[in-house]
Amino acid sequence: GQQLNQSPQSMFIQEGEDVSMNCTSSSIFNTWLWYKQDPGEGPVLLIALYKAGELTSNGRLTAQFGITRKDSFLNISASIPSDVGIYFCAGQRAGSGNTGKLIFGQGTTLQVKP
Amino acid sequence: DGGITQSPKYLFRKEGQNVTLSCEQNLNHDAMYWYRQDPGQGLRLIYYSQIVNDFQKGDIAEGYSVSREKKESFPLTVTSAQKNPTAFYLCASRERAGHYQPQHFGDGTRLSIL
């Protein structure tokens, strides 16, 4: 099955730095979601995007639904040690009806050095 | 508390054995999903169910089976036909009615081969 292209694959940053990651697809999506997964746990929803061009924030996190509907971006400002984890993008492809089926990126592993 | 409960947290399978992973939700969600997660990869869809007594294959259904006899329960059986079952299995659910509702996940079951 199709997977989204998520980059970077991993990041090792200093506490206080800003972080950016993105996902791209060859298909048009009507929904973009960003999840965070801690080791040994299930993913937790961070931000949901429903309209092209939409920019949504959740605390220090900001995500955007790309104008082309083929990409999305997640930014984390002023990173802290608890931001460590794996971040996944996920999207629902246009025309997939109300199945709710999602396509996932491969994940971005974030490590933060205090 | 409302949520999605997966059990057991860890499971071991012997060669030629079938094992069943439990997923229960008390969120009154219509749709439920099973994913497989391998290291360094995104989530891949195994099976999904949009209503009771109905389910569809996902991208990697071979070697797996499911049932949906009750709205709150969606057990996954890993059969002996699945030759590489070692992975982290995640269950998710979502509300289907109205505007698109994101999937929410349980905390997973880690399956290993003895």
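Read the figures in this text as sums done on the coordinates, not as results from a lab. Quantities reported herein were computed from a predicted structural model and do not represent experimental measurements. Positions of Cβ are generated from backbone atoms using ideal geometry, with glycine treated the same way; all protein chains shown enter the neighbour counts.
Things to note:
- For segment B:25-114, size of Cβ-based charge dipole, Lys and Arg +1, Asp and Glu -1, in debye: 100
- For residue A:17, the residues 5 or more places off, or on other chains, whose built amide H falls under 5 Å of its own are A:79.
- The 3J(HN,Hα) values that the Karplus relation (6.51, -1.76, 1.60; θ = phi - 60°) gives for segment A:54-68 are, in residue order, 5, 10, 10, 10, 9, x, 7, 9, 9, 10, 10, 8, x, 4, 6 Hz. Gly and Pro appear as x.
- Two-site FRET efficiency, residue B:81 against residue B:28, from Cβ-Cβ distance with R₀ of 25 Å, rounded to 0.05: 0.15
- Estimated inter-spin distance, residue A:50 and residue A:111, nm [label 7 Å along Cα→Cβ]: 3.9
- Test item: A:57-67 mean partner chain Cβ contacts at 10 Å: 0
- With a 10 Å cut-off around each Cβ of A:38-48, the average count of Cβ atoms from other chains is 4.
- Fewest-first ranking of B:34, A:32, using other Cβ atoms within 10 Å as the exposure measure: B:34, A:32
- Across chain A, Cα pairs under 8 Å and at least six residues apart give a relative contact order of 37 percent.
- Phi-derived couplings, Karplus 6.51 cos²θ - 1.76 cosθ + 1.60 at θ = phi - 60°, listed residue by residue for segment A:79-93: 4, 10, x, 6, 6, 4, x, 10, 9, 10, 9, 8, x, 9, 6 Hz, with x used for Gly and Pro.
- Cβ crowding within 10 Å averaged over residues, with B:71-78, A:80-87 ranked highest first: B:71-78, A:80-87
- Residue by residue along B:59-66, Cβ atoms of other protein chains within 10 Å of the local Cβ number 1 on average.
- In order along segment B:85-96, the phi-based Karplus estimate (6.51 cos²θ - 1.76 cosθ + 1.60, θ = phi - 60°) of 3J(HN,Hα) comes to x, 5, 5, 9, 10, 10, 10, 9, 9, 7, 7, 8 Hz; Gly and Pro are listed as x.
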